[in-house]
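Working notes, structure below.
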Amino acid sequence: MIWENVLLAIASLRANKMRALLTMLGIIIGITSVIAIVTIGNAMTASVNNNLSSFGTNNITVFIREKSQNNFNIAGGIPFLGGVARPAGGAGGGGRQPVVRGSGNTSRPEDSDLISDEMINQLKAEFPNNVAGVALTNSVGSATVKDGEKYANISASGTNPDYLLSNNMNILEGRYLNQSDMDNYRNVAVVSDKLVNSIFPSGTDPISQQIKVYKTNTIEIYTIVGVYKYEASSAQVSTVSEEDATTNLYIPITTSKLGATQKNYSQITVVAKGDSSSVVSFTTQMQAYFDDVYRTNTVWGARVNSLETQLNSIMDVLNSIKLAIAFIAGISLLVGGIGVMNIMLVSVTERTREIGTRKALGAKNFHIQFQFITEAAIISGIGGIIGIILGTTVGAIVSVVLKAPVTVSILVTLGSVLFSMGIGVFFGYYPANKAAKLDPIEALRYE
Amino acid sequence: MIEISNVIKKYYVGMPNELTVLKDICLSIPEGQFVSVVGASGSGKSTLMNIIGALDRPTSGTYVLDGVPLQEMTENQLSEIRNKKIGFVFQTFNLIPRTTALNNVELPLFYMGAGKGERRKKAERLLELVGMGDRMTHMPNELSGGQKQRVAIARALANDPAIILADEPTGALDTQTGKLVMDIFLQINREERKTIVLITHNPELAEQTERIVTLSDGNIVSDHMNKKMEGARV
Ligand SMILES: Nc1ncnc2c1ncn2[C@@H]1O[C@H](COP(=O)(O)OP(=O)(O)OP(=O)(O)O)[C@@H](O)[C@H]1O
Ligand SMILES: [Mg+2]
């Protein structure tokens, strides 16, 4: 009986193909947008997750800021995101911003307010099981490496050996900076393969080669000890040609600070051991530790931030956005449902005589009701299936464009089919009921 | 057995334009009788037949069908009565559009809850009976008026009802085709002993039935047995 009703409904829909199709269109658009948005949303969160994770989820940033600076805005609060705009591999590079910015207050921290080597050693001693290393950076600034006609744009940073831990840099040749480079203030550098390709003729072994770094008014000479693989960040909006793209050049932090008045660090990156949950709890512990260290300092304090905790809050925001957009798409589904109701009402009116005849032949109210509800459910069900196919396709294409993994949620898909059929039943109920309640005589007399 | 006593049908009850269409009708039709109902247009023939067919309810009076009074029955119970006991043939055929002749004939069986095989077999047999065996898979819009009416008669017979109600079944057909349809009714009455109530404006057709009831302005003004036919039947 159910199956026959379905066949009957399909036959009646086929008799009015164009109308059925137009009605379906509403449902198709609704389901397509919901599915596409959920798929794209998933791809985007995955993409953001990937991009941020490339900076290392085990990195915890500690930076000095004014204690009164309570309403801490997000741009300064997320040094990792600040770093995104910088050349690849510049983990924590943007982290100096909060301190330098100073929220309209011109006072700068004294060297004694900053994090000293001694404090870092104490931290390591305090948390031997948590600290894998402490990465230090000192941004030196942009410069150009030149050799005759050839040149390469660089951004020079002073770093320590632990910096390698905080950054998933891929060393192609040679080695990274070591303690001996640090202790002896050597003029050595780790450069990108891109720089090597720009400066040296192909086939040249870059290790032990010397490069000239042209700054605004000085020229410095460094010896290459290592080459890392340059990776263009997908998050980086490139306004310059690939050729002129700036790559990072790493020198020992001790060398970079030679002659500088400020010996201590306004920001350090602690590389934590363990999984995500232990990183989160270590972040909290470390904040308490630094709060204690800075207890007596009335102006300056330390802020501890891990990517992991920030990632969580970013994901929360993204998920709410996703939900909000999906809700809006859901409204188009509602409009589609109303379209189904509208057409079913037209159909009932159009088939009044047919309904009268069926009743004369012995159809009970539920027979009529079931017939129209089945029709509505089939329209929306087919519309839903087409919508799923389209929505998944659109979602998959956008995911591919975003270079994010294509994730098709079975739950959402199945839910959508049931939901769209539910819409058919819901919006088909009223017209079907109207049909079932028609008086047989009046229906038969209907002109 | 149809027993109608003191049936009154009014429209716009209690309103200034109240209209009494049937005025105290008493009519009893035994099983197997072929009755024709004649009368001027607007005299209330169709209204009376809709009451006999359990499609409509009288404003007052009683209708007892095969010993069962119908006035207290619910909509769905009346549907069941129509489905089992009554077959309708309309002037305008009323075949379900975009549905094959076969499926149209199967419909009463479908609502009765018969299985697919049984429905198909019975519908095919009935279409053969009315001479439509070669048009079973045709849609209504692919059939002529006479062919449509024959399909409609087959459909009216589908559940083997005791009563066939035909409201001007030949009204939309030419004389030749009308005669063919009438012959089918006569055959059904003779061979299957079905009660047939036929509304017609055609005296020639009325003359072929056993009993002629004449309505005028909501009253039965004449109800007589057809002498000619009585002799022919025995
Ligand atoms: N639903 C209704 N509302 C109001 N008046 C109605 C309704 N149905 C029928 N009537 C009236 O009842 C009267 C009888 O109608 P009915 O259809 O029974 O006539 P009839 O004898 O079948 O006529 P015809 O031979 O033209 O078919 C008519 O005057 C008609 O206007
Ligand atoms: Mg009439």
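The values are calculated or read from the model by the stated rules, or taken from the named source; none is laboratory data. As the structure is a computational prediction, the values presented were derived from the model and not from experiment. Heads up, the Cβs are rebuilt from the backbone with ideal geometry, glycines too, and the neighbour counts pull from every protein chain shown. For the accessible areas, the whole protein counts, side chains as well, though only heavy atoms, and no ligand, DNA or RNA atoms are used. Shrake-Rupley method; radii C 1.70, N 1.55, O 1.52, S 1.80 Å.
Of the residues in segment A:328-360, how many are more than 14 Å from every other protein chain (Cβ to nearest Cβ) and of a type outside the set (Gly, Ala, Ser)?
Qualifying residue count for the region: 15.
Hey, can you tell me all the residues within segment A:410-442 that are within 16 Å of ligand 2 (Cβ to nearest atom) and surrounded by 15 or more Cβ atoms within 10 Å (Cβ to Cβ)?
Hits for segment A:410-442 are A:PRO440, A:ILE441.
Assess whether B:ALA166 counts as being within 16 Å of ligand 1 (Cβ to nearest atom), within 14 Å of another protein chain (Cβ to nearest Cβ) and among the small types (Gly, Ala, Ser).
Yes, satisfied.
Quickly run through segment A:221-232 and pick out the residues that are within 36 Å of the chain's Cα centre (by Cα) and open to solvent by less than 60 Å² (accessible area, probe 1.4 Å).
Once the filter is applied, which keeps residues that are within 36 Å of the chain's Cα centre (by Cα) and open to solvent by less than 60 Å² (accessible area, probe 1.4 Å), segment A:221-232 yields A:ILE224, A:VAL225, A:GLY226, A:VAL227, A:TYR228, A:TYR230.
Among the residues of segment A:361-395 satisfying the criterion of being closer than 18 Å to A:ILE343 by Cβ and of a type in the set (Gly, Ala, Ser), which is farthest from the other protein chains (Cβ to nearest Cβ)?
Ranking the qualifying residues of segment A:361-395, first place goes to A:GLY387.
Look through segment B:47-77, keep the residues that are closer than 18 Å to B:ALA166 by Cβ and touching a strand residue (DSSP E or B) at 6+ places or on another chain (Cβ under 7 Å), and return whichever of them is farthest from the other protein chains (Cβ to nearest Cβ).
This residue is B:LEU65.
So, B:THR177, is that one of a type in the set (Val, Ile, Thr), part of a helix (DSSP H, G or I) and more than 30 Å from B:THR20 (Cβ to Cβ) or not?
Here the answer is yes, as B:THR177 does meet what is asked.
Would you check which residues across segment A:179-220 are open to solvent by less than 50 Å² (accessible area, probe 1.4 Å) and either within 22 Å of A:ALA135 (Cα to Cα) or touching a Ser or Thr at 6+ places or on another chain (Cβ under 7 Å) (or both) and list them?
A:SER180, A:ASP181, A:MET182, A:VAL188, A:ALA189, A:VAL190, A:VAL191, A:SER192, A:LYS194, A:LEU195
Please work out which one of (1) over 22 Å from B:GLN187 (Cα atoms); (2) modelled with pLDDT under 95; (3) within 14 Å of ligand 1 (Cβ to nearest atom) is the condition B:GLU75 fails and give its number.
(3)
Within segment A:1-29, restricting attention to residues that are under 16 Å from A:MET421 (Cβ atoms) and in contact with a Lys or Arg (Cβ under 9 Å, 6 or more places away or on another chain), which residue is farthest from the other protein chains (Cβ to nearest Cβ)?
The residue in question is A:ALA20.
Is it the case that segment A:306-313 has a residue that's within 14 Å of chain B (Cβ to nearest Cβ) and either out of contact with any helix residue (DSSP H, G or I) (no Cβ under 8 Å at 6 or more places or on another chain) or open to solvent by 60 Å² or more (accessible area, probe 1.4 Å) (or both)?
no
For B:GLU128, indicate whether it is among the acidic types (Asp, Glu) and either closer than 28 Å to B:PRO203 by Cα or within 16 Å of ligand 1 (Cβ to nearest atom) (or both).
The answer is no for B:GLU128.
How do the helices (runs of 4 or more DSSP H) wholly within segment A:1-98 filter down when requiring 3 or more residues that are surrounded by fewer than 22 Cβ atoms within 10 Å (Cβ to Cβ) and modelled with pLDDT of 80 or more: which remain?
Those helices (runs of 4 or more DSSP H) span A:2-14, A:17-53.
In segment B:187-204, what count of residues is obtained for those that are surrounded by 15 or more Cβ atoms within 10 Å (Cβ to Cβ) and within 14 Å of ligand 1 (Cβ to nearest atom)?
5
So, of the residues in segment B:167-186 that are open to solvent by less than 30 Å² (accessible area, probe 1.4 Å) and either under 19 Å from B:LEU48 (Cβ atoms) or among the polar types (S, T, N, Q) (or both), which turns out to be farthest from the chain's Cα centre (by Cα)?
It comes out as B:THR170.
What's the number of the condition A:ASN319 fails, among (1) farther than 15 Å from A:ILE40 by Cβ; (2) polar (S, T, N, Q); (3) surrounded by fewer than 18 Cβ atoms within 10 Å (Cβ to Cβ)?
The single condition A:ASN319 does not satisfy is (1).
Show me the helices (runs of 4 or more DSSP H) entirely contained within segment B:87-163 in which 2 or more residues are of a type outside the set (A, V, I, L, M, F, W, C), open to solvent by 60 Å² or more (accessible area, probe 1.4 Å) and more than 9 Å from every other protein chain (Cβ to nearest Cβ).
Per the criteria, B:116-129.
Can you find, within segment B:32-63, the residue that is farthest from ligand 1 (Cβ to nearest atom) among those that are more than 17 Å from the chain's Cα centre (by Cα) and in a strand (DSSP E or B)?
Applying the filter and picking the extreme gives B:THR62.
Check segment A:396-419 and report whether any residue there is touching a residue at least 60 places away in the same chain (Cβ under 8 Å) and within 30 Å of B:ASN76 (Cα to Cα).
no
I need the full set of residues from segment B:12-31 which are modelled with pLDDT of 95 or more, more than 9 Å from ligand 1 (Cβ to nearest atom) and of a type in the set (A, V, I, L, M, F, W, C), in order please.
Within segment B:12-31, B:ILE25, B:CYS26, B:LEU27, B:ILE29 meet the criteria.
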